[in-house]
Amino acid sequence: MTDRGSGGPVRTAVVTLARAAGAYDVVSLAVPAAPGWASARPGQLLVLPGSPARGEVLPRLLWLADVTVDPVHGTAVEVAVPAGAGWEVGRRLRLVGPLGRGFGVPTDPVPALVVGHGGSTVPLRWLTSRLRARGCPVHLVLSAPEPDGLFEVAALRRQAASVRLTTEQDLARVTLEVLEQEPRVGVVYAAGPRGPVRQVAQVAVGAGRPVRVSALDLDEPLLCGTGLCGQCDLRPAGPGGPRPLRPCLEGPVVPGEQVLDAAR
Ligand code: FES
């Protein structure tokens, strides 16, 4: 059953599985078949519209953690929610998605460097497995405010050629170290708070590597996820700069060059 929302049709999903993973519960949702799922990518979003009857006035934004489209068993979508958030099996919920532009993978099997922080690491296990499927060895640089704040780090360790854990403040410095140690890295991906992501983009651009970043941080208070409120805008640092970028509408994933001059 669907109706129309501001970002596309509102679909009804059902929780089919929930398992604990550190600071998160990984929740599987059965969703109605739709063309967008087969082409969904890490870095895309779901929006759960507000439900005033449940005391939820504002929409909620979630990263897609994985999508599986199976002609026999149907479409399964994975998301991560805070541990103990009460997403019990059988719960029905309304959602809009997949929304936005996600991370693409290279055409050729070149080594890749993936950088992420905290809750923004939710799409990175899926991104890493897509890169591996393309034949790209993956180096990871990760940070989190708490040790269990990284999403599925054990699974990431199994897939990655190397994993460096650091602090949010040191993400860019460690990124540069890995680029110097791994000169064959041909592409950099980054997801996290705006400041560190901008610094990682600067380092990658300075090192002459193509860089794709998620310009949206779901740990910030965002109001819509569908381009209506302007809350996520990246504004240029000075007058006469480029127009503001609205990541939830024009991204979230954009070339790193687009975030270099933003003031926030
Ligand atoms: S979150 Fe509202 S415009 Fe992006």
Check your understanding: Taking H as built 1.01 Å from N, whose amide H comes closer than 5 Å to the amide H of VAL115, not counting residues under 5 places away?
Key -> VAL141, TYR189, ALA190, ALA191
Point to revise | Residues with amide H under 5 Å from that of TYR24, placed H, sequence gap 5 or more | key: ALA83
Review point. Which whole-number value in Å² is the accessible area per residue of the chain, probe 1.4 Å?
Key: 45
Exercise for review: Output the peptides 90-101, 16-27 sorted from most to least packed, where packing is the average of other Cβ atoms within 10 Å over each peptide's residues.
Suggested key: 90-101, 16-27
Exercise for review: Just reorder ASP233, ASP108 by solvent-accessible area, largest first, 1.4 Å probe, all chains present.
Suggested key: ASP108, ASP233
Review point. Which ³J(HN,Hα) values in Hz, rounded to whole numbers, follow from the phi angles of region 100-110 under the Karplus curve 6.51 cos²θ - 1.76 cosθ + 1.60, where θ = phi - 60° and Gly and Pro get x?
Key: x, 9, x, 7, x, 10, x, 5, 9, x, 9
Point to revise | Antiparallel DSSP beta bridges within the chain, as percent of all bridges there, nearest 5 | key: 65
**Study point:** Most to least packed among 32-45, 185-198 [average Cβ atoms within 10 Å]
**Key:** 185-198, 32-45
Practice item. Find, to one decimal place in angstroms, the Kirkwood hydrodynamic radius of the chain, where the mean of 1/r is taken over every pair of different Cα atoms and then inverted. Key: 18.8
Check your understanding: Once every DSSP H run of n ≥ 4 in the chain is given -39500 (n - 2.57) and the sum is divided by its residues, what mean residue ellipticity at 222 nm do you get, rounded to the nearest 500 deg cm²/dmol?
Key -> -5000 deg cm²/dmol
Practice item. Just the number, please: percent antiparallel of the DSSP beta bridges in region 180-264, rounded to the nearest 5. Key: 55
Revision key, fill the gap. Karplus-derived 3J(HN,Hα) from phi for region 140-157 (6.51 cos²θ - 1.76 cosθ + 1.60, θ = phi - 60°), whole Hz, x at Gly and Pro, runs 10, 10, 10, 9, 7, x, 10, x, 9, x, 7, 8, 6, 5, 5, 5, 5, 4
Study note, to complete from the structure: In region 102-255 the DSSP beta bridges are antiparallel at a rate, in percent to nearest 5, of 15
Check your understanding: For the chain, which whole-number percentage of the solvent-accessible area (1.4 Å probe, protein heavy atoms only) is attributable to carbon and sulfur atoms?
Key -> 53
Exercise for review: Give the relative contact order (percent, whole number) for region 106-201; include only Cα pairs under 8 Å separated by 6+ residues.
Suggested key: 37
Revision key, fill the gap. For the chain the mean separation of alpha carbon contacts under 8 Å (6+ apart) over residue count, i.e. relative contact order in percent, is 17
Review point. Accessible area, 1.4 Å probe, largest first: how do VAL259, VAL110 sort?
Key: VAL110, VAL259
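The values are calculated or read from the model by the stated rules, or taken from the named source; none is laboratory data. Just so it is clear, the structure is predicted and the values come from calculations on it, not from any experiment. Reconstructed Cβ throughout: ideal geometry from the backbone, glycine too, with neighbour counts over all protein chains shown. Keep in mind that these areas ignore ligands, DNA and RNA; they rest on the heavy atoms of the full protein, side chains included. Shrake-Rupley method; radii C 1.70, N 1.55, O 1.52, S 1.80 Å.
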